[in-house]
Amino acid sequence: MPRALARQFLEFGRTIRLEHSLFALPFALGAAMLADPPCPDAASLALLVACMVTARTAAMGFNRVADAALDARNPRTAEWAIPAGRLRRGTALGLSLAAAAAFLLCAALFRPLRGNPWPAILAPAFLAVLVGYSWTKRWTVLAHGVLGLCLGLAPVGAWIALRASLETLPIVLGAAVLFWTAGFDILYAVHDAAFDRREGLKSVPAWLGVRGARLVAAASHVAALALLAAVLVVDAAGAQPVLGRASEAALVLIAVVLGYRHLSARAAGLPAIAQGAKAGGPRAFLSWNAAVSMVWLAGVVADILLGRVHA
């Protein structure tokens, strides 16, 4: 591979922040284990991961292309790969299209693998939501919720791919992921509030200010915790609990993590959330959010190992 092309691939990987797949992937894997306990076969599991990674890669790539002009005008993002000129927009668009095609192909493979046509049927609609998010902040303050929907589709899609049906549990879990994502995205958007107002972009911080954004984010996370608690007491048919004490402990720990996150952000000042002060910069943003999803997955896995999940 020519060195210049290799650099473009590397810059693309950096700009889409592949490591942020850890936000939604654990919820999808947990849903898969609950849909097909104790764990799906290796081929199905690998295909689910491939769908997750390719779909997110396509979505993030399109987002970076769509926002390139805005990012160039924003001092915080002006040094990102595309506005800084390290990654060509055409290259980013081409790689995003390739990822989208790979996602559609991976979804279609569930039909020969499991006799399930629904992933192939629904994949274009899922992809439309993921890609469409990139433009929502131009016209609605609900853009944070649309991003939440993008991540919330992960456990729903995993369930459909393995069960060829949709029940209560994945819907409740997907809603929990939606509110959790919307909450942390609102906090993260605080430092761009002035820029958003100047550009006419819609965001909760630009609309309600710092205090209002903090309250809405906190309310979103309370809703997420309530929905995660609801997951503990429903199964596919809504008749009996499917999770046990390990998942209950995980929920308590998630509540502590989210509570501490809000308290530390308030103490450090909300702009520090993405600036690198006490509340944490990009690494902390990854660590805090990945911790929530990984803790939830750990609870599910522990309950499976303890034999507390009903097949």
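The values are calculated or read from the model by the stated rules, or taken from the named source; none is laboratory data. Predicted model only: the values in this text are computed from it and were never measured. Here Cβ is always computed from backbone atoms with ideal geometry, including for glycine, and neighbour counts include all displayed protein chains. Protein only, heavy atoms only, side chains kept; ligands, DNA and RNA dropped before computing areas. Shrake-Rupley method; radii C 1.70, N 1.55, O 1.52, S 1.80 Å.
Criterion first (at pLDDT 85 or above and under 26 Å from VAL141 (Cα atoms)) does ALA217 satisfy it?
Numbers: at pLDDT 85 or above: yes; under 26 Å from VAL141 (Cα atoms): yes.
Yes; evaluated as a whole, the condition is true for this residue.
Mind telling me which of the residues ALA143, ALA182 ends up being touching a Lys or Arg at 6+ places or on another chain (Cβ under 6 Å), open to solvent by less than 30 Å² (accessible area, probe 1.4 Å) and modelled with pLDDT of 95 or more?
On the way: ALA182 fails: touching a Lys or Arg at 6+ places or on another chain (Cβ under 6 Å).
Only one candidate passes the filter, namely ALA143.
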Check: Which condition does GLY115 not pass, out of (1) within 18 Å of LEU48 (Cα to Cα); (2) of a type outside the set (D, E, K, R); (3) within 24 Å of the chain's Cα centre (by Cα), if it passes all the others?
Finding: (3)
Item checked: All helices (runs of 4 or more DSSP H) inside the stretch 25-99 with 2 or more residues being surrounded by fewer than 19 Cβ atoms within 10 Å (Cβ to Cβ) -> 42-66, 68-73
Note to self: For the stretch 1-24, give me the residue count where each residue is part of a helix (DSSP H, G or I) and farther than 29 Å from LEU178 by Cβ.
What the structure shows: 9
Check: Which ones in the stretch 100-135 are over 19 Å from ARG56 (Cα atoms), open to solvent by 30 Å² or more (accessible area, probe 1.4 Å) and touching a helix residue (DSSP H, G or I) at 6+ places or on another chain (Cβ under 9 Å)?
Finding: ARG111, LEU113, ARG114, PRO117, TRP118
Margin query: Checking ALA193 against (1) at pLDDT below 95; (2) of a type in the set (A, V, I, L, M, F, W, C); (3) open to solvent by less than 40 Å² (accessible area, probe 1.4 Å); (4) over 26 Å from THR77 (Cα atoms): exactly one of these is not met. Which one?
Written below: (4)
Notebook entry, point to check: Given the conditions (1) open to solvent by 40 Å² or more (accessible area, probe 1.4 Å); (2) of a type in the set (Asp, Glu); (3) in contact with a Lys or Arg (Cβ under 7 Å, 6 or more places away or on another chain), which single one is not true for GLU11?
Noted result: (1)
